[in-house]
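Undergrad: A single structure is presented below for examination.
The values are calculated or read from the model by the stated rules, or taken from the named source; none is laboratory data. Note that this is a predicted model, so its numbers are computed, not measured. A quick note on method: Cβ atoms are made from the backbone with ideal geometry, for glycine too, and the neighbour counts reach across all protein chains shown. The area values use the complete protein model at the heavy-atom level, side chains included, leaving out ligands, DNA and RNA. Shrake-Rupley method; radii C 1.70, N 1.55, O 1.52, S 1.80 Å.
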Amino acid sequence: MASAAEQLAANLNFAAFSKADDLKKRIWFTLGALLVYRLGTYIPMPGIDPHALSQAFQQQSTGILGLFNMFAGGAVGRMAIFALGIMPYISASIIIQLMTSVIPSLEALKKEGEQGRKVINQYTRYGTVLLATVQAYGIAAGLQSSSNIVTNPGTFFLVSSVITLVGGTMFLMWLGEQITARGIGNGISLIIFAGIAANLPSAMANLLELGRTGALSTAIILLVIVVVVLCIAGVVFFERAQRRLLIQYPKRQVGNRMFQGDTSHLPLKLNTAGVIPPIFASSLLLLPVTIANFADTSKLPGWATGVIASLGHGRPLYMFLYAAMIAFFAFFYTAIVFNPKETADNLKKHGGFIPGIRPGDRTADYIDYVLTRITVVGAIYLMVICLLPEILISAAGIPFYLGGTSLLIVVSVTMDTVAQVQGHLLAHQYEGLVKKAKLRGGRRGTR
């Protein structure tokens with residue numbers, strides 16, 4: 001019975017999808033935009049020797065450049081026009097979010113609604129241009145200082161590279177906004193998703209090739225697949241997990257009638273910070289290794305060389321600092337994006353209260369208490385998801401990097417996009433029911 005009901009629901013959803021013309025247009029637009037993005041990751045910057053660049057990048061692939069290359073869909077390794085990817089926009093968005101909790105004028109803009117949000121978005125764009133310019137100049141200067149990578153080094157190469165890379169980032173930012181407005185899902189997240197997902201087939205092919213040549217045993221390959229499946233199941237479970245606080249609204253009188261008080265729930269996500277903690281933690285940890293690879297290690301003191309060696313993937317010090325930074329950023333970013341005091345004030349303004357808790361400061365303290373407890377569980381979940389691949393790499397000696405951060409992003413974006421597709425299908429079905437009801441009412445009126 002249950003399987004028959006599920007099959008019937010699937011058939012109904014497929015039938016609704018076939019009739020939802022607007023949804024199909026949105027999906028085709030999204031796929032077309034992502035195709036444009038993927039094509040851009042293969043258009044190289046002018047003045048670069050691809051062979052010399054490939055050799056130089058292989059030496060830096062385990063550092064922060066490898067992480068950015070994963071997010072950019074391989075564009076960094078090819079030094080394409082989209083090499084900076086969308087990361088400057090994400091960094092600018094996070095910086096603006098931090099500033100809104102510190103600067104009173106930005107906090108006031110945040111409370112102004114749609115108009116304030118437009119101003120903050122404009123500030124984010126300005127910040128994106130600034131960060132992209134600094135990063136593009138650093139990349140161009142680094143490429144020019146390396147031997148044989150740049151065919152004609154000089155001022156013209158620096159200027160053209162900065163303009164190309166900044167223009168590529170701004171185009172991706174615009175493309176992401178267009179996907180959000182005219183497509184399906186969050187455009188910025190889908191661009192990152194497309195970059196990561198594009199590398200998954202090659203990673204799976206490399207894993208099978210290692211098994212075929214005997215570099216990895218069949219048991220290790222099966223263990224890798226089992227760990228990936230468990231991580232995906234864990235991400236789905238914990239990303240959907242919520243702590244719902246019961247909200248009670250008092251009775252209200254309209255005219256001579258008394259209406260019963262309503263009840264609702266305040267959902268608190270188990271992982272409010274999302275994928276920001278692993279991204280920040282891995283970026284900060286890989287930065288010293290990347291700088292050391294570019295520098296002359298023979299001139300570094302012995303203790304510095306030892307510390308840098310201990311910060312490699314799979315090393316105990318790296319995993320300990322990685323877990324500690326994930327926990328720190330989970331609490332820090334949650335405190336930035338969720339304000340219990342503001343939530344309590346909004347509840348009090350609309351007459352809502354938590355049963356047994358006085359409105360106002362007591363409610364804010366209770367929400368903060370619950371949020372802190374569930375953030376502990378969320379931080380442990382992030383640490384486990386991100387450290388399991390690291391432990392597997394260290395124990396099994398897998399020569400390619402399988403990141404928990406990439407799994408988090410891929411699964412989270414997939415869940416969000418599927419939820420939006422289902423929302424559009426429900427809206428289409430509701431509109432169809434309303435139209436049928438109107439037609440029936442019109443026919444009865446003509447009779």
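Undergrad: If you check every pair at least six apart or on different chains, which have Cβ atoms under 7 Å apart with a residue in the stretch 133-160 that is open to solvent by less than 60 Å² (accessible area, probe 1.4 Å) first and a residue that is charged (D, E, K, R) second?
TA: Every condition considered, the pairs that remain are 149/49.
Undergrad: Just checking, does the stretch 173-185 include any residue being open to solvent by less than 10 Å² (accessible area, probe 1.4 Å), within 28 Å of residue 410 (Cβ to Cβ) and of a type in the set (S, T, N, Q)?
TA: No: the stretch 173-185 contains no residue that is open to solvent by less than 10 Å² (accessible area, probe 1.4 Å), within 28 Å of residue 410 (Cβ to Cβ) and of a type in the set (S, T, N, Q).
Undergrad: Turning to a different aspect of this structure: Hey, does the stretch 109-129 have a residue that's within 22 Å of residue 176 (Cα to Cα), touching a residue at least 40 places away in the same chain (Cβ under 8 Å), in contact with a helix residue (DSSP H, G or I) (Cβ under 6 Å, 6 or more places away or on another chain) and in a helix (DSSP H, G or I)?
TA: Yes: the stretch 109-129 contains one or more residues that are within 22 Å of residue 176 (Cα to Cα), touching a residue at least 40 places away in the same chain (Cβ under 8 Å), in contact with a helix residue (DSSP H, G or I) (Cβ under 6 Å, 6 or more places away or on another chain) and in a helix (DSSP H, G or I).
Undergrad: Check 336, 367, 326 and return the single one that is in a helix (DSSP H, G or I), of a type outside the set (Asp, Glu) and modelled with pLDDT under 85.
TA: Of 336, 367, 326, the one residue that is in a helix (DSSP H, G or I), of a type outside the set (Asp, Glu) and modelled with pLDDT under 85 is 336.
Undergrad: What is the number of the single condition among (1) at pLDDT below 90; (2) under 21 Å from residue 269 (Cβ atoms); (3) in contact with a helix residue (DSSP H, G or I) (Cβ under 9 Å, 6 or more places away or on another chain); (4) assigned to a helix (DSSP H, G or I) that residue 346 does not meet?
TA: Tallying (1) at pLDDT below 90; (2) under 21 Å from residue 269 (Cβ atoms); (3) in contact with a helix residue (DSSP H, G or I) (Cβ under 9 Å, 6 or more places away or on another chain); (4) assigned to a helix (DSSP H, G or I), residue 346 fails exactly one: (3).
Undergrad: Mind listing whichever residues of the stretch 95-120 are exposed (fewer than 13 other Cβ atoms within 10 Å of the Cβ), closer than 23 Å to residue 335 by Cβ and of a type in the set (S, T, N, Q)?
TA: Within the stretch 95-120, 105 is the sole residue that qualifies.
Undergrad: While we're on this one: Filter the stretch 338-391 for residues that are of a type in the set (Ser, Thr, Tyr) and closer than 19 Å to residue 248 by Cβ; which is most open to solvent (accessible area, probe 1.4 Å)?
TA: 369
Undergrad: Let me ask something else. Would you pick out the residues in the stretch 225-239 that are out of contact with any Pro (no Cβ under 9 Å at 6 or more places or on another chain) and either β-branched (Val, Ile, Thr) or exposed (fewer than 12 other Cβ atoms within 10 Å of the Cβ) (or both)?
TA: 225, 226, 229, 232, 233, 235, 236, 237
Undergrad: Please state which one of 165, 130 is farther than 30 Å from residue 25 by Cα and surrounded by fewer than 18 Cβ atoms within 10 Å (Cβ to Cβ).
TA: It is 130.
Undergrad: List the pairs whose first member sits in the stretch 47-60 and is at positive phi, whose second member is among the small types (Gly, Ala, Ser) and modelled with pLDDT of 75 or more, and whose Cβ atoms are under 8 Å apart, counting only residues at least 6 apart or on separate chains?
TA: 47/160; 47/161
Undergrad: What residue, of 228, 236, is modelled with pLDDT under 85, part of a helix (DSSP H, G or I) and within 30 Å of residue 375 (Cα to Cα)?
TA: That would be 228, the only listed residue that is modelled with pLDDT under 85, part of a helix (DSSP H, G or I) and within 30 Å of residue 375 (Cα to Cα).
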